[in-house]
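Trainee: Quick one: the structure is below, and I'll ask about it shortly.
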Amino acid sequence: MKLIAGLGNPGKEYAETRHNSGFMAIDRLASKAGVSISTQKWNALTAVTRIEGQPVLLMKPLTYMNESGSAVSQAVSYYKIDPSDILIIHDDMDLPVGSVRIRKKGSAGGQKGMKSIISALGTDELARIRIGVGHSRRGDHDVVPDWVLSPVAKADREVFETALNASADAAYAWVSEPMDIVMSKYNIKPEKNEGEQ
């Protein structure tokens, strides 16, 4: 069993916010796989499907971002999933809107959902897809909550949608293709806009 978890916050008020990029991308992946992530288990919404013949658990933790590790670790324990078979999709403020950065492993980089999962599983050897949401004022952490809990600006919506779709395609490919190929095919580094930090 492989596990793909998209991170976000439950509730309609958060549905279209930057912090819910992982939820939005995994919903697109579920649609591509022909399933709906709607079964409640381990304090998460889940769906079991097959992608390229392989069993895959899709998950949207309902614990709020900072406690994502609780839901993920329960699923990992139940199915005895190896860290090499886990993929996490989440937002990243350090990447410009429209970016997709795929990594084999690494630190949480300030993303609290990823930090919770690494802590719960005791390893950072976890693949992840990072979706760029930009930052209003780089380095000003006082504005972080308001920024990530607001929607992407209309002017950026097209490139953001492209990034979400690419993330879903990358996650689908990750199930059966070597990570290096997935990284080379789906990483997106958008052109910098004038005035962007």
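The values are calculated or read from the model by the stated rules, or taken from the named source; none is laboratory data. Everything numeric here is computed off the predicted structure, so don't read it as measured data. Here the Cβ positions follow ideal geometry from the backbone for every residue, glycine too, while neighbour counts run over all protein chains shown. For accessibility, only protein heavy atoms count, side chains too; no ligands or nucleic acids. Shrake-Rupley method; radii C 1.70, N 1.55, O 1.52, S 1.80 Å.
Trainee: Would you confirm, using the coordinates I've provided, whether L62 is closer than 19 Å to A15 by Cβ and touching a Pro at 6+ places or on another chain (Cβ under 6 Å)?
Mentor: The answer is yes for L62.
Trainee: Moving on. For the stretch 61-72, state whether one or more residues are open to solvent by 30 Å² or more (accessible area, probe 1.4 Å) and under 15 Å from I26 (Cβ atoms).
Mentor: yes
Trainee: Now for a different question. If a residue must be buried (at least 22 other Cβ atoms within 10 Å of the Cβ), within 17 Å of M1 (Cβ to Cβ) and in contact with a Phe, Trp or Tyr (Cβ under 9 Å, 6 or more places away or on another chain), how many such residues does the stretch 73-94 contain?
Mentor: 1
Trainee: Any residue at all in the stretch 11-24 that's surrounded by fewer than 15 Cβ atoms within 10 Å (Cβ to Cβ) and of a type in the set (D, E)?
Mentor: Scanning the stretch 11-24, I find at least one residue that is surrounded by fewer than 15 Cβ atoms within 10 Å (Cβ to Cβ) and of a type in the set (D, E), so the answer is yes.
Trainee: Turning to a different aspect of this structure: Scan V72, V76, V97, V48 and give me the residue that is assigned to a loop (DSSP other than H, G, I, E, B) and on the phi < 0 side of the Ramachandran plot.
Mentor: Being assigned to a loop (DSSP other than H, G, I, E, B) and on the phi < 0 side of the Ramachandran plot holds for just one of V72, V76, V97, V48, which is V97.
Trainee: Going by the structure shown, is V97 of a type outside the set (K, R), modelled with pLDDT of 95 or more and buried (at least 18 other Cβ atoms within 10 Å of the Cβ)?
Mentor: Criteria not met by V97.
Trainee: Surrounded by 15 or more Cβ atoms within 10 Å (Cβ to Cβ), closer than 12 Å to H90 by Cβ and among the charged types (D, E, K, R) - does that describe any residue in the stretch 28-44?
Mentor: no
Trainee: If I go through the stretch 173-197 residue by residue, how many of them are surrounded by fewer than 16 Cβ atoms within 10 Å (Cβ to Cβ) and either at pLDDT below 85 or part of a loop (DSSP other than H, G, I, E, B) (or both)?
Mentor: Looking only at that region, the number is 11.
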